[in-house]
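Novice: Here it is, the structure in full.
The values are calculated or read from the model by the stated rules, or taken from the named source; none is laboratory data. Quick caveat: nothing in here was measured; it's all calculated off a predicted structure. Glycine also receives a Cβ, built like all others from the backbone with ideal geometry; neighbour counts cover every protein chain displayed.
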Amino acid sequence: MRLDILVLHGAKLRYGCVIGVLLIGLVSASVVSASGSVGSKGMVVSASSEASRVGLDILMAGGNAVDSAVAVGFALSVTYPEAGNLGGGGFAVIRLPTGEVMTLDHREQAPLASRPDQFLDDSGQYDPDKALYSHLASGTPGSVDGLLRLHERFGRLPREAVLAPAIELAESGFRLSDVLASRLRDLVAGVPDRPATVAKFSTPSGPLKGGDLWRQPDLARTLRTISKEGAAGFYTGWVADAIVAEMKRGGGLIAQGDLDGYVSVWREPVHGRYRGFDVYSMGPPSSGGILLVQMLNMLEAFDVASLPLGNAELIHLMTEVERRAYADRAEHLGDPDFWPVPQQALTDTDYAAARMKSFNPERASSSDDVGHGLVFPESEQTTHFSVIDSDGMMVSLTTTLNSSFGSQWVVPGTGILLNNEMDDFAASAKSANQYGLLGNAANAIEPRKRMLSSMSPTIVMKSGQPYLITGSPGGSTIITTVLQVIVNMIDHGLDLEAAVRRPRIHHQWRPDVIYFGPNAISPSALEALRAMGHELEQRPPMGDANSISIHSGVFTGFADPREGGAALGY
Ligand code: GLY
C-alpha cells in the first residue's frame, strides 16, 4: 500500500476544453508492482503502463469503467502503436452494474469496391504483399466509432475528458522504453520508401532511442479533432479527406462512402456455462466466443482437475478439443450479417459431446479426418485490456491493426496508422492467411462485410458476481490463450498471476502440430505426446492476457509479463 497524490492534468488548461483539473486528491493506491496490483475500487490492466495510468486516473477522477476503457483505447493509439489504434478495429464485452452483458462490434469492414479475389496473383495464388502491406490491405476503420459509441451510451465523463490524456501524451510526448524504441527502429528500417511512416516513427536527425521523449503532433491534432467533433471528426472532414486521398494515391479502396457508412454494432454476447461459471465472450464476426464455449463444453465432460498441468494426458485432451473446434471455425464462421453462422448448434452441449465421440485418450486424431490446411503465423500483434470499477461495471476490450503496426502505412498529416485487417478474410478457399487459418465462403471478401476474427474479450461470472476479465492478442492463438487462463483458474485452482504466467500450448486443427511456449512441456511429456502420434514444435511465448480476477470484492490485476504492460488499481 502506498499513498499517492494524483493529478489528472486539465487538458482545458492547454486546449481550452471543458474538463479542467479533474481530480487533485489524496488517494490510497495499492499498486504492488507494474505487472500486478490489488484494489477494491478500480483496476486497469493494459499492455502499456502509460495507458493503464490514464485508465486509473480516469477512474479516480470519477469516471466509470467505460470512461476508463475509452480513455485507455485512445491512449493506446499513442503509446502502443503496434496495435493500439485509430485506424483499426476491435471488440468490447461490457458488463453493467445491473448484471446485463452486451458486446460492441467495431470491427473493420471491407470497402464497397472490394473484390473476393483481390489478394490473388495472376496464377490465382495468395499474394501476401498485397494482403498485408498494400493499401488494399486496409478495411474501413471501426475503432473511433466504437470507442465513442461505447462512451456515448455508458460513459459518465464528458468526451473531452476521456480524450484529453491521449491528446496530452501525443502532444507533450512520453519517454520511449527500450523495447518500443527498438520496434520503431525496426519498423522504419523496413519501410524507407514510406515518408509519412518514417517521419512519424523517427526524428529528422535519425532513429528514436530508449529514453527519448516521443511526440506525435499530427496524431494529437487528429485526436483533438475527434475530441471536439466526435466521430464526425474522423469519418468526415479533414481527417477523412486525408484517408481517402492516401487511399487514392496508394491504390487502396476506402472511399468517403465507406467512411460515411461505417457503424459499430451492438450484439448479444456468446454465453456458455462451465462448471457453474457463466462465460460471456464475443460472437461473430469474431470466432472467439463460439470456439471458447465449444471447447469448454467439450472439456466439461472430463475430470480436467485430476490431470496435472504440463502432463501429457492433459495436453492431449486440450489438443483434441482445440483441433475439433478450429476445424469448425474454418467451415462455419464469418460475419453473421452475411452468413448464417450456426451459433446455437456449435455451442450446444450435445454437439460438443458428439464431437468428442471420436476422442481416443491414447492416440492423436488426424486433422485429415476433419479437413485440410496450411502454414502457421508470423505476426500476432493485437492488444487486450481489462477494466473494472467500484460498481462492478466491467469492460473487456481487444483491439488491433492486425499485424504489428498494421499495413505500416501512415496517412500523411494525421498520425494514423492503417490496418491490414483485410488479410483476416479468406483470400480463397485454398489459401491460409498470415495465421495459417483457412476459411471458405463464410469468410470470403464481400463489400461491407466484416472479416472473421479470433479476438476473444471475455468476462466470467461466478454465481452472478464478477470473477474474471480476460482476453489476449495472438492471432489464432488468442482463443486457446483465453481458454487456458480460464481452465487454469477454474479447474486447476491457480490464482490469476499463476494462471496467466503458465506457459501455453496451442493447436488449430491445421497445421496438425501442437505449438508450445518455452517450458510448457517437460521432456517426458513431450516424449509421451510424440508416442501418441502428435507432432510438436516450440514457439515463442504466446499471448498477452492482461486480466483482472475478482474475489470477495477485491480486484487483482495482472499484466501478462510476455509483453510487460501494467496493472494499476486502487
Ligand atoms: N487480426 C487478428 C484477429 O482479429 O483475430
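Novice: Regarding the range 246-264, can at least one residue be identified that is within 16 Å of the ligand (Cβ to nearest atom) and closer than 22 Å to Arg107 by Cα? Walk me through how you get there before you give the answer.
Specialist: Step one: of the range 246-264, the residues within 16 Å of the ligand (Cβ to nearest atom) are 264.
With the extra rule that they be closer than 22 Å to Arg107 by Cα, the set shrinks to 264.
Checked the range 246-264: at least one residue is within 16 Å of the ligand (Cβ to nearest atom) and closer than 22 Å to Arg107 by Cα.
Novice: Please determine whether any residue of the range 199-219 is within 21 Å of the chain's Cα centre (by Cα) and either within 29 Å of Arg53 (Cα to Cα) or buried (at least 20 other Cβ atoms within 10 Å of the Cβ) (or both). Steps first, answer last, please.
Specialist: The initial filter retains those residues of the range 199-219 that are within 21 Å of the chain's Cα centre (by Cα), namely none.
Looking for residues that are within 21 Å of the chain's Cα centre (by Cα) and either within 29 Å of Arg53 (Cα to Cα) or buried (at least 20 other Cβ atoms within 10 Å of the Cβ) (or both), one finds none in the range 199-219, hence no.
Novice: Report, ordered by the first and then the second residue, all pairs with beta carbons closer than 8 Å, sequence separation of six or more or different chains, a first member in the range 148-175 that is touching a residue at least 40 places away in the same chain (Cβ under 8 Å), and a second member that is of a type in the set (Phe, Trp, Tyr) and part of a helix (DSSP H, G or I).
Specialist: Short answer, once both residue conditions are applied: Val162/Phe74; Leu163/Phe74; Ala164/Tyr15; Pro165/Phe74; Ala166/Phe74; Ile167/Tyr15.
Novice: For the range 316-360, enumerate the residues that are more than 21 Å from Tyr274 (Cβ to Cβ) and at pLDDT 95 or above.
Specialist: Asp335, Pro336, Asp337, Asn360
Novice: Lys209 - would you say it is assigned to a loop (DSSP other than H, G, I, E, B), out of contact with any Gly (no Cβ under 9 Å at 6 or more places or on another chain) and at pLDDT 95 or above?
Specialist: Details: assigned to a loop (DSSP other than H, G, I, E, B): yes; out of contact with any Gly (no Cβ under 9 Å at 6 or more places or on another chain): yes; at pLDDT 95 or above: yes.
Criteria met by Lys209.
Novice: With the checklist (1) buried (at least 22 other Cβ atoms within 10 Å of the Cβ); (2) modelled with pLDDT under 95 in hand, flag the one item Asp512 doesn't pass.
Specialist: (1)
Novice: Also, I was wondering about something else. Given the options Gly471, Gly464, Gly413, name the one that is at pLDDT 95 or above, buried (at least 24 other Cβ atoms within 10 Å of the Cβ) and either within 17 Å of the chain's Cα centre (by Cα) or more than 12 Å from the ligand (Cβ to nearest atom) (or both). I'd like the intermediate steps shown before the answer.
Specialist: On the way: Gly464 fails: buried (at least 24 other Cβ atoms within 10 Å of the Cβ); Gly413 fails: buried (at least 24 other Cβ atoms within 10 Å of the Cβ).
On inspection, the qualifying residue turns out to be Gly471.
Novice: Next question, about the same structure. For the range 251-345, please list each of the helices (runs of 4 or more DSSP H) lying entirely inside it that holds at least 2 residues being aliphatic (A, V, I, L, M) and within 25 Å of the chain's Cα centre (by Cα).
Specialist: Details: elements: 256-261, 288-300, 312-332.
Fully inside the range 251-345 and qualifying: 288-300, 312-332.
Novice: Follow-up question, since we're still on this one. Being more than 20 Å from Leu452 (Cα to Cα), of a type in the set (A, V, I, L, M, F, W, C) and either out of contact with any Gly (no Cβ under 9 Å at 6 or more places or on another chain) or within 16 Å of the ligand (Cβ to nearest atom) (or both) narrows it down to one of Val101, Val78, so name that one. Lay out the reasoning, then the answer.
Specialist: Values: Val78 fails: either out of contact with any Gly (no Cβ under 9 Å at 6 or more places or on another chain) or within 16 Å of the ligand (Cβ to nearest atom) (or both).
Exactly one residue qualifies, and that residue is Val101.
Novice: What number of residues in the range 512-546 are touching a Phe, Trp or Tyr at 6+ places or on another chain (Cβ under 6 Å) and over 25 Å from Ser366 (Cα atoms)?
Specialist: 1
Novice: Filter the range 386-400 for residues that are over 16 Å from Pro269 (Cα atoms) and touching a Ser or Thr at 6+ places or on another chain (Cβ under 8 Å); which is farthest from the ligand (Cβ to nearest atom)?
Specialist: Ser390
Novice: Turning to a different aspect of this structure: Does the range 138-170 hold any residues that are of a type in the set (S, T, N, Q) and in contact with a strand residue (DSSP E or B) (Cβ under 8 Å, 6 or more places away or on another chain), and which are they? Give the derivation first.
Specialist: Of the range 138-170, the ones of a type in the set (S, T, N, Q) are 138, 140, 143.
Hits for the range 138-170 are Thr140, Ser143.
Novice: Output the residues belonging to the range 72-111 that are hydrophobic (A, V, I, L, M, F, W, C) and farther than 17 Å from Ser286 by Cβ.
Specialist: Residues of the range 72-111 that are hydrophobic (A, V, I, L, M, F, W, C), as a first pass: 72, 74-76, 78, 83, 86, 91-94, 96, 101-102, 104, 110.
Val72, Phe74, Ala75, Leu76, Val78, Leu86, Leu96, listed by residue number.
Novice: Let me ask something else about it. Restricting attention to the range 450-461, which residues are within 16 Å of the ligand (Cβ to nearest atom) and of a type outside the set (S, T, N, Q)? Spell out the reasoning first.
Specialist: First pass over the range 450-461, keeping only residues within 16 Å of the ligand (Cβ to nearest atom): 450-458.
If the condition is that a residue be within 16 Å of the ligand (Cβ to nearest atom) and of a type outside the set (S, T, N, Q), then Arg450, Met451, Leu452, Met455, Pro457 are the ones that fit.
Novice: While we're here: Any idea which residue in the range 528-540 is surrounded by the most Cβ atoms within 10 Å (Cβ to Cβ), counting only those that are modelled with pLDDT of 95 or more and part of a loop (DSSP other than H, G, I, E, B)?
Specialist: Here is the first cut: in the range 528-540, the residues modelled with pLDDT of 95 or more are 528-538.
Cutting the leftovers down to part of a loop (DSSP other than H, G, I, E, B) gives us 532-535.
Working: Met532: 16, Gly533: 14, His534: 21, Glu535: 13.
So the residue we want is His534.
Novice: While we're on this one: When you check Ala196 against the structure, is it surrounded by 14 or more Cβ atoms within 10 Å (Cβ to Cβ) and under 21 Å from Ala69 (Cα atoms), yes or no? Give the derivation first.
Specialist: Values: surrounded by 14 or more Cβ atoms within 10 Å (Cβ to Cβ): yes; under 21 Å from Ala69 (Cα atoms): no.
Judged against the criteria, Ala196 is not a match.
Novice: Leu223 versus (1) over 23 Å from the mean Cα position of the chain (by Cα); (2) aliphatic (A, V, I, L, M); (3) over 30 Å from Phe119 (Cβ atoms): which is the lone unmet condition?
Specialist: Here Leu223 meets the rest and fails (1).
Novice: In the range 335-358, which residues are over 29 Å from Phe425 (Cα atoms) and touching a residue at least 40 places away in the same chain (Cβ under 8 Å)?
Specialist: Across the range 335-358, the qualifying residue is only Ala353.
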